[in-house]
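To start, the structure under review is shown below, and the notes come after it.
The values are calculated or read from the model by the stated rules, or taken from the named source; none is laboratory data. Just so it is clear, the structure is predicted and the values come from calculations on it, not from any experiment. Heads up, the Cβs are rebuilt from the backbone with ideal geometry, glycines too, and the neighbour counts pull from every protein chain shown.
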Amino acid sequence: MQFLKPTENSKMLSVSLCLLLSVLLFFSFPPTVWAFCGFFVAQADASLFNKASQVIIARDGDRTILTMANDYQGDVKDFALVVPVPTVLKKEQVKVGNPKIIAKLDAFSAPRLVEYFDEDPCAPVYERALPPGPAGMAPPQPLRSRANLGVTIEEKFTVGEYDILILSAKESEGLETWLIQNGYKIPAGASRLLQPYIRQNMKFFVAKVNLKEFAKTGSQLLRPLMMAYRSPRFMLPIRLGMINAQGEQDLLVYILTPSGRAEVTNYRMVKLPTDQEIPTFVKQEFGNFYKALFATAHERAGRRVAFLEYAWDVNSCDPCSTEPPTYEELKEAGVFWLDDRPRPAPRLFSKPANVFITRIHVRYTRDTFPEDLMFKETSDQSVFQGRYVIRHPFTGKITCEAGRKYQRSLARRLEKEAQTLARLTNWDIQEIRRKIPPIATAPEEPNFWRNIWR
């Protein structure tokens with residue numbers, strides 16, 4: 001996507017739209033909601049992070065539709081997915097999803113950069129809405145005979161390019177051995193991570209690629225898998241993903257609920273640093289900025305935390321990094337309760353779609369996250385987003401004392417932005433200062449006596 005620099009006319013149009021939007025928000029939402037009205041210029045989506053897994057959870061009551069994106073890299077014949085599930089799943093409860101919907105939710109909820117342009121300080125001042133201020137693997141064990149492994153195939157079916165088994169097991173070593181003997185390439189030593197799920201009487205959703213069906217798709221990538229089930233447990237099993245993990249892994253969870261934001265209950269959940277004004281050069285390196293910001297915030301928070309990156313009703317966004325998801329896209333994401341309510345009218349004046357999205361970012365290792373993620377839905381509909389602001393100084397001709405005061409204040413503002421950036425990212429403050437463009441100063445006002453002192 002290419003972003004164009006706004007013209008003077010587009011800036012005036014933006015101010016007018018801000019006025020209109022602010023009026024609409026005043027009558028439509030609680031007073032705590034602000035209209036930002038910036039120019040969106042960049043976003044920090046999942047592509048910034050290596051080995052970033054993405055999961056969508058659509059949850060209402062005890063009903064869940066879980067969508068898992070497969071970021072598997074390697075020969076598809078070696079792919080094996082083992083996911084603990086709370087109940088035996090039938091074929092009609094499993095579906096191959098559309099990878100575009102995960103990309104859509106990622107883009108819609110990603111932390112974003114917005115820019116403003118300072119107006120002429122000498123222009124007439126009109127009252128208007130203003131934006132707010134800113135592990136190593138265990139050795140292999142000898143194989144046991146299949147007869148005494150304690151594994152039962154509860155269901156067996158093919159969905160799309162996946163051959164799927166639903167297994168129950170009596171003990172973890174037997175399940176690990178059974179999987180290896182049946183051609184599933186999982187890391188040795190998985191039994192110690194399987195055991196807690198067996199104690200909870202959970203079942204195991206096991207998938208591998210059907211090469212004949214995969215060839216029919218004409219795709220080089222595996223599509224996401226979706227599963228629907230009922231369970232009082234609102235959780236996401238992440239421990240199995242640590243079996244062969246080398247170092248830290250990133251997980252992005254997009255939780256869709258009808259009432260309000262979701263929260264992690266068994267780990268501390270904190271908000272990402274947001275609404276910070278930073279130097280304008282960050283526009284050219286926003287990806288590096290956000291990766292450094294997240295790493296710094298993660299370290300300072302003690303690493304055993306889940307970060308809230310976004311929380312908002314899907315009917316709106318401000319500023320929007322992409323169009324809000326449509327009715328059809330929400331259904332593709334697993335939002336099943338839309339069928340229980342009237343279809344919304346055109347978006348601007350429609351009633352809320354009763355879908356709230358919460359984006360949670362977790363960076364985890366075996367040591368920092370020894371438990372699976374447990375969630376709860378709340379009725380809290382207060383909005384939040386990771387948002388970073390750049391403000392371009394006015395560069396036109398200065399013709400008044402107010403303009404000269406503005407220029408004198410710029411040095412303090414730019415220094416504050418530099419210090420903010422250093423604090424957020426742990427970057428070297430001197431290097432930051434070197435990247436900030438110099439301030440164009442206005443010529444001094446001639447002395448009032450110059451024309452007569454000749």
Report yes if some residue within the stretch 69-79 is part of a strand (DSSP E or B) and either modelled with pLDDT under 95 or out of contact with any strand residue (DSSP E or B) (no Cβ under 7 Å at 6 or more places or on another chain) (or both); otherwise report no. no
Restricting the stretch 175-210 to residues that are under 15 Å from Arg239 (Cβ atoms) and charged (D, E, K, R), the residue that is surrounded by the most Cβ atoms within 10 Å (Cβ to Cβ): Glu176
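Whether any residue in the stretch 194-204 is within 20 Å of Ala69 (Cα to Cα) and either among the basic types (Lys, Arg) or out of contact with any Ser or Thr (no Cβ under 7 Å at 6 or more places or on another chain) (or both) is what I want to check.
yes
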Could you identify the single residue in Glu213, Glu277 that is within 30 Å of Arg413 (Cα to Cα), in the same structural domain as Arg387 (by TED's automatic domain parsing), surrounded by fewer than 19 Cβ atoms within 10 Å (Cβ to Cβ) and more than 19 Å from the chain's Cα centre (by Cα)? Glu277
Qualifying residues in the stretch 274-305 (those that are charged (D, E, K, R) and in contact with a helix residue (DSSP H, G or I) (Cβ under 6 Å, 6 or more places away or on another chain)) - the one farthest from Arg391 (Cα to Cα): Lys291
Tell me whether the stretch 358-368 contains one or more residues that are at pLDDT 95 or above and in contact with a Lys or Arg (Cβ under 6 Å, 6 or more places away or on another chain). yes
